[in-house]
Structures are given as C-alpha cells and as structure tokens.
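Enquirer: Pasting a structure below so you can have a look.
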Amino acid sequence: MDSHDAHPAHPAVGPLANTVRMLLRIGLILSFLLGLGWSYQHWTYQRAITAASKTQLIAVTNAGTAAIDKITRHAMAQVDAIARELDAGTLDQASALLRLRSGMEGNPEFFGMSLTYRPYGWASHQRLYSAYFQRLNGRTAFVRLDEAYDYTRPEYEWYGRAMANGSLWTRPYFDKAAATTMITYARPFSGPGGDPKAPLGVVTLDISMDGIRKIIESMDLGQSGFGALVQSDGSYLYHPETDFVHGRKTLLGLAAELNDPDRLLLAAAASKRESGILEHRSQTTGLASWIIFAPVPATGWSLENTFIKDDVPIRPEVMKRQQIKVLLAGLVFLLCAAGLFLAVGRGSSRSLWGMSIVTALLFLVAIGQILSISLRFDRAHNTGGIPIGDRATLNSVTGAYTRACELHHTEPPVYIPTGLYLESATFLSANDLMVSGYVWQKYQLGTQDDLFRGFTLADATSLEIAENYREKVNGFEFVRWHFRATLRQHLDSARYPIETEQIELRILHKQLNHNTVLVPDLSAYRFANPTTLPGLAKDLKLPGWQLKASSFEFRKLKFDTNFGVDRAFAKEDLPSLFFCVAIRRNIVDACLSNLLPLGVVTFLLFILVMIASRDARLVGFTQAGVGRVLNICAAMLFVIAFRHVDIRSRIASGEVFYLEYIYFLEYFAILWVSVNSVLYATTERFPLIHYRDNLIAKVLFWPVLLGALFVITLAVFY
C-alpha cells in the first residue's frame, strides 16, 4: 500500500464512494436489462425470419404438389374410367377407341393414349394389338404401336410392369418422335368376367414431363434453390441435374455415392408418403440448406424442394448491429461489475490501477469482438447475382431464361460452356489487378458452327489472348486460350486493414449480335464447392490477401445502349457470367507492418508518463526532464507522420480509413504526454495533474486510448 493509502480518508471520500457505488449499481442493472432485451430481440428476429421463410416454403411446396396432383389425378381418372368400363363390359373395343380419341381431343395436356392387349388378347389370329392416339402437330393421329415394336419386351415397363404389378406410373423416358421426355400412367383391365390376376391388357396415357417441369421450376425457391420429384421407390422423375433422371439414379444410390445420409432419410420419407423439413448440407457445394418434402396425393410421388439458407432474407447489417448492441451491453455490465468488485469509489491506488487494467483489457477484447462480428457478416459486395455451384442451379437459371425468351418471342438463347483457370494474380496498384491463366469453351457441332469462337474480359485495360488448343470430340469443338490481362477492380479501403473484398472477371462472348449466353463448364472442375477454390491454381498467391472462395456467378446487368447492333432481344436481360474470388486482407501482415510500430510508440509514450517526476534525483537518473520528454515526443511525431503519409499514398481511398484513426490517436497521445509533462513540471495550478504524483494521467492512459479506439471501431463497423 502506498503512503497515501495509509492516511485517513478525506471526509468527502465517503459520500463520493457511495455515489460511485450507486452509479455503478444503476449501470449494472440497466446494462443487464438492456442486454437481455437486445439478446431477445436478436433471437426473435432470427426466429421470425426463419419461421416465415419455412412457412412460405411449405406453402410453395404444397402448392406445387397440388398443381402436380391436379394433372396426374385428371390423367388417372380418364384411364381408370375406361379400364373400369372395359371390366364391367359397358364399353366395347370400338367404343373404347372412340373414348381414347375424345379424351385426347378434350385434354390438350395429354400427349398420347393407348389401348393395348396381351398376346392374342385382341383376336385369336393376331398376336399383338396396341391402338395409340397421339398429339402430332396440334392434331390427334392414330398409329399402331404393335406395328412399330414389340411392346412385350422387358424395356417397355408401361406394359410389362403394369401387367405384372397393377396400376403404375412409369419412370421418365425420352420419346425420340416427340423429342421430349414422357411419363406414362398404365392400368390393366381384365374384361367382363376376366381374372384380375391375368389382365387382358392395359390402358395407358402419356403426358409430357414439360408440364411438370414448368410447375417445379416456376416455384419461388430463392435464387439458388431448386426442386426435384421422386417416386416412392426413390427413383427420380425430375431433377435439374438431368443425369439423375436419364441415369435412373435413386436416393439410396446417391446416398452411397455421395456419402450423404440425408438422402437415406428422404428415401424413407418418400416411401412412407411423409412431409417435413430436413436440415441439409450439400456434399458437393458445402452450402447449408433446407429440403422441404411433401407427397403428391394421387401418385405417392414426393416433391423435394431444396432452399439454400444463404437466400433467407436475413439482413446481415441488422444481424451485425444486433450482436454489437448485445456486446455493448455486456461491456458496460462487466465494467460496472469490475468497478464494484474493485471498490473503485474509494480512490485507492490499488483499486484505480486494477480498474485501469481491467478497463483496458475489456476495451481490447470488445474491439476484437466487433472486428470479428464485422468479418462474419460483412459481404464484399451485395451484387444480387446467383452463385452457380452445381448443375441443378445452373439448369434452373438457364431454364428460367429460356422460358423468358419464349414468353417474349425473342431469339432462342445459345448456351456456351465456358471454363476459367487462374494461374497468377497480383495487384499492380490499389485497384489494378494483373491476372493470367486459361479460358476454354465448348461449341456444339452442327448447331453452333456459325458462332464466332472467342471471348473477352470486361473492364480490361490491357488484354492479351492466344489460342493454344483446338479439338473436335464427342460432338463438340473444344477451344482453349491463354490470356494475360490487367483488370480494373473496385475495392473499398474504408475499413483497411479489416477488409473483405471480391475480385471479379466478367467473361463475355466476343460476338454481341446473337443471344449467346456463356455458362460455367462445371464438368471441368473436380470440386465445385467455393471453399475448395475451383478455377484457381493450387500455388496461386495474392500478396497481402487470403483467398477465401471462388465461384461462378450470374448477374443481370442493365445497359442503355444496344452497342450499335439491331437485334430482337433486350441485351440487358442476358445473364452475364462472372468469375468471382472472395479475398480477405491478411491482417497479420497489416499488423506487423503498421500496428506493431504504432503499438511500440504508444508503449514508449506510456513509459514517459510513468517516469515523469518532480524529484530532481529521479529526473537526473532517468534524464526525463520536460525538455527531454518534448524532444522524444517530437521525434516520435515525425516518425508517425512519415509513416502516415506513406500509407496514405499506398491506400487509394477518398475518405479516412480505419487505420488512419489509430494514427490520429497517436497524435493525440503525443500531444497529451507533452502537455502533461509541461504542466506537471512547471506549475501546481492543476491539482488533478499533481494528485499522487501524476496518478490520474498514468491510470487513464490506456483506458482513454483504448476507449477512444473502441468508440471509433464502433462508429466505423456498426
């Protein structure tokens, strides 16, 4: 205990201590209540947005199942009615054919209906007979399927499986004549007095999957969501990844192939006709999502809609501010609690130094937490684009654009698979990025022979392109180029060095007079998960930055010109292909090069405050007289000023950036130490300065500077 603490307390100390304790208790209670209120607000906000999103998704899914159910139920009713009348004998063969024709003419969504008999079921002298009415060029045409092929062969499940197992919907198949994917409902009939276990034949109805596809693709599932339709056995009827359908893949098979246990749960739900919401994380993209599933009542199919959680309309800025408010309440609560515990109202040296240390540490931790929250919620750019991480999302986007072109009767789009591989990148200046790498494209032979082969990069101040490979294989012409470019990037340095940015390469087709859309060649990448950095060389380094993610993205850009080309479509409606790389400033580098010297200077200033004394012997020993202190402060001022000018010249920003505020605090600290030294050494008119050998200045040094930095950090990042 120092000598001052041994003296009896001043009479005013008692009332002052009581007042301080009362204020600290009030602050403790208010901060606790505010913290609870803000925490509850944050929790309810998240819960409300999540619940509203789930409710909407359930409603969308139920509306989709109802629309599909309406189509399938109507189709089944038509077939079931004919089959029942054939069983009852109220409908003869000739009348049944008339019913098939009238059914086709009265229902434009039907593609074909047939009456098919088992071998020698139609007539004893004729082995096969299948009457088929199909929609052809807007009219109903009659054909004999038995004259085209032997429908009793195993691959024709609409006949074989239906005869063996009863009524069913087939798996989708591609009809070459109609150039569309079809699905068939088949119901066996036995005829009057026939044995149901040995049916006489089947009645079938074909519908195009286009109608069901349009229902699924028209559902509002966010920018990146998509829908799928599976049968009760887990086989896919529809999926944006068409290989799942054409390859006859199932939920169980994909669960094993992708090591995805969630698909096992979906398979079980589909077999039991259950509905619900499943928390899911994609094994290919790494994105968290909800899968909302519900059965189609008439068929027992399961509609499974995938919604990416990143599309939930939670505003990151609101989330960030709510968490910072909770942090602020917690900081005040801990400061008040520390003040009460340390009995700071007594004014003892021990309590004041204890409070100084605790306050400085709490401010330091709070600053770190604000920066952490900011990095978590701040987005590089809110571009409004659609990230393309899998074929399902890609097919969803291209399908929507194709339908938009059909709706507006514009030129049909031509999609060109395009890939990119960056092998080097470096910033030449604050906003000029030099990159080099490869771009390749695939052109379909026969239908895209007239298209110009080539690409360009938007915002390039210089661009060198050299073709280095060309080959025709598997119906495509593959062309690859090597490029080197300097691109203008729009980076915001207002929060330097706590920055999350995004570098972008906008890839354009070289020909602007066609409705040509570049799409990412996802098949060229082993992994599409953005965190695996697809499209970037493994040894690619961007000095001063960390590479966080890379992905392709579609954006719709608006132009007020047609670039001098007269065409029948709006250029601004075209999806534009971007290759984006999320980057984060290397904070360690910034701290070592900028904050470490500033920290050393600040610590030296604190030492100058600590050794300040009016004792001539101590001043002689430390050589810390007022003149000496002023000389040291002047030297530090020049060092800090030169570093400030240097960093200002390197960081292109039209406003004060975050690190600059720390330089301003250094100027304030130098001025404070200088003024305090002069006043302490030359006058006794300021009791607070001379109180207990300059104790007030010493204990306030770190809390004032770190508190000011906390306020600045709060203002910049809130």
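Let's see how each residue does on (1) over 30 Å from the mean Cα position of the chain (by Cα); (2) polar (S, T, N, Q):
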site	(1), (2)
356	yes, yes
400	no, no
415	no, no
438	no, no
446	yes, no
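Enquirer: Within segment 319-366, work out how many residues are assigned to a helix (DSSP H, G or I), more than 18 Å from residue 28 (Cβ to Cβ) and among the polar types (S, T, N, Q).
Expert: Summing the residues that are assigned to a helix (DSSP H, G or I), more than 18 Å from residue 28 (Cβ to Cβ) and among the polar types (S, T, N, Q) in segment 319-366 gives 4.
Enquirer: Any residue in segment 254-273 that's assigned by TED's automatic domain parsing to the domain that holds residue 292: show its pairings with residues that are modelled with pLDDT of 85 or more and part of a loop (DSSP other than H, G, I, E, B) at Cβ separation under 7 Å, as long as the two are six or more apart or on different chains.
Expert: Going by the 7 Å Cβ cut-off, the qualifying pairs are 254/260; 267/234; 270/232; 270/234; 271/232; 273/300.
Enquirer: Another one. What is the residue count in segment 152-161 for residues that are touching a Phe, Trp or Tyr at 6+ places or on another chain (Cβ under 9 Å) and assigned to a helix (DSSP H, G or I)?
Expert: 4
Enquirer: Within segment 686-705, count every residue that is in contact (Cβ under 8 Å) with a residue 60 or more places away in the chain and either within 16 Å of residue 659 (Cβ to Cβ) or aromatic (Phe, Trp, Tyr) (or both).
Expert: Final tally of qualifying residues: 3.
Enquirer: Right, next: What are the pairs with Cβ atoms under 9 angstrom where one residue, in segment 38-50, is part of a helix (DSSP H, G or I) and the other, located anywhere, is loosely packed, with under 11 Cβ neighbours inside 10 Å? Sequence gap at least six, or different chains.
Expert: Partner pairs satisfying both residue conditions: 49/313.
Enquirer: Follow-up question, since we're still on this one. Being of a type in the set (Asp, Glu) and assigned to a strand (DSSP E or B) is the filter here; which residues of segment 204-221 pass it? Let's see the steps before the verdict.
Expert: Residues of segment 204-221 that are of a type in the set (Asp, Glu), as a first pass: 206, 210, 217, 220.
Answer for segment 204-221, where residues must be of a type in the set (Asp, Glu) and assigned to a strand (DSSP E or B): just 206.
Enquirer: Name the single residue that is nearest to residue 345 (Cα to Cα) among those in segment 1-40 being exposed (fewer than 13 other Cβ atoms within 10 Å of the Cβ) and modelled with pLDDT of 90 or more.
Expert: Restricting attention to segment 1-40, the residues satisfying the condition of being exposed (fewer than 13 other Cβ atoms within 10 Å of the Cβ) are 1-3, 6-8, 10-12, 14-15, 18-19, 22, 26, 29, 33, 36, 40.
Going one step further and asking which of them are modelled with pLDDT of 90 or more, we end up with 22, 26, 29, 33, 36, 40.
Details: 22: 10, 26: 14, 29: 18, 33: 24, 36: 27, 40: 33 Å.
The residue in question is 22.
Enquirer: Oh, and also: Any chance you could count how many residues in segment 314-353 are more than 22 Å from residue 711 (Cα to Cα) and within 42 Å of the chain's Cα centre (by Cα)?
Expert: The number of residues fulfilling the criteria is 2.
Enquirer: Further, regarding this structure: How many residues, within segment 97-119, are crowded, with 18+ Cβ neighbours inside 10 Å and over 10 Å from residue 131 (Cα atoms)? Spell out the reasoning first.
Expert: Looking only at segment 97-119, we keep the residues that are crowded, with 18+ Cβ neighbours inside 10 Å, and these are 99-100, 103-104, 110-118.
Going one step further and asking which of them are over 10 Å from residue 131 (Cα atoms), we end up with 99, 103-104, 110-112, 118.
Selection size over segment 97-119: 7.
Enquirer: Do any helices (runs of 4 or more DSSP H) lying entirely in segment 568-678 carry at least 3 residues that are aliphatic (A, V, I, L, M) and at pLDDT 85 or above, and which ones are they? Steps first, answer last, please.
Expert: On the way: elements: 587-590, 596-610, 616-622, 626-650.
Filter on segment 568-678 gives 596-610, 626-650.
Enquirer: Okay, moving on. Could you check, for segment 187-203, whether at least one of its residues is of a type in the set (Lys, Arg) and either under 30 Å from residue 88 (Cα atoms) or part of a strand (DSSP E or B) (or both)? Write out each step before concluding.
Expert: In the first step, residues of segment 187-203 are kept if they are of a type in the set (Lys, Arg); the result is 187, 197.
With the extra rule that they be either under 30 Å from residue 88 (Cα atoms) or part of a strand (DSSP E or B) (or both), the set shrinks to 187, 197.
Within segment 187-203 (the criterion being of a type in the set (Lys, Arg) and either under 30 Å from residue 88 (Cα atoms) or part of a strand (DSSP E or B) (or both)), the answer is yes, since at least one residue qualifies.
Enquirer: Of the numbered conditions (1) of a type in the set (Val, Ile, Thr); (2) surrounded by fewer than 16 Cβ atoms within 10 Å (Cβ to Cβ); (3) at pLDDT below 85, residue 386 fails exactly one; give the number of that condition.
Expert: (2)
Enquirer: Against the definition (in contact (Cβ under 8 Å) with a residue 24 or more places away in the chain and either among the aliphatic types (A, V, I, L, M) or farther than 27 Å from residue 301 by Cα (or both)), how does residue 131 come out, yes or no?
Expert: Values: in contact (Cβ under 8 Å) with a residue 24 or more places away in the chain: yes; either among the aliphatic types (A, V, I, L, M) or farther than 27 Å from residue 301 by Cα (or both): yes.
Against the criterion (in contact (Cβ under 8 Å) with a residue 24 or more places away in the chain and either among the aliphatic types (A, V, I, L, M) or farther than 27 Å from residue 301 by Cα (or both)), residue 131 qualifies.
Enquirer: Now a separate question. From the set of residues in segment 404-435 that are touching a helix residue (DSSP H, G or I) at 6+ places or on another chain (Cβ under 9 Å) and part of a helix (DSSP H, G or I), which is farthest from residue 450 (Cα to Cα)?
Expert: 404
Enquirer: Follow-up. Of all residues in segment 429-485, how many are surrounded by fewer than 15 Cβ atoms within 10 Å (Cβ to Cβ) and in contact with a Phe, Trp or Tyr (Cβ under 6 Å, 6 or more places away or on another chain)?
Expert: 2
Enquirer: Examine segment 302-318 for a residue that is under 30 Å from residue 273 (Cβ atoms), in contact with a Pro (Cβ under 7 Å, 6 or more places away or on another chain), touching a residue at least 40 places away in the same chain (Cβ under 8 Å) and crowded, with 18+ Cβ neighbours inside 10 Å, and state whether such a residue exists. Before you say what the answer is, go through the steps one by one.
Expert: To start, the set of residues in segment 302-318 that are under 30 Å from residue 273 (Cβ atoms) comprises 302-309, 311-312.
Next, only the ones that are in contact with a Pro (Cβ under 7 Å, 6 or more places away or on another chain) stay: 302.
Subset that is touching a residue at least 40 places away in the same chain (Cβ under 8 Å): 302.
From what is left, the residues that are crowded, with 18+ Cβ neighbours inside 10 Å are 302.
The answer is yes, given that some residue of segment 302-318 is under 30 Å from residue 273 (Cβ atoms), in contact with a Pro (Cβ under 7 Å, 6 or more places away or on another chain), touching a residue at least 40 places away in the same chain (Cβ under 8 Å) and crowded, with 18+ Cβ neighbours inside 10 Å.
Enquirer: Further, regarding this structure: Is at least one residue of segment 520-533 modelled with pLDDT of 85 or more, part of a loop (DSSP other than H, G, I, E, B) and under 18 Å from the mean Cα position of the chain (by Cα)?
Expert: Looking for residues that are modelled with pLDDT of 85 or more, part of a loop (DSSP other than H, G, I, E, B) and under 18 Å from the mean Cα position of the chain (by Cα), one finds at least one in segment 520-533, hence yes.
The values are calculated or read from the model by the stated rules, or taken from the named source; none is laboratory data. Predicted, not measured: the structure shown is a model, and the values here were computed from it. Note that each Cβ is placed from the backbone with ideal geometry, even for glycine, and that neighbours are counted across all protein chains shown.
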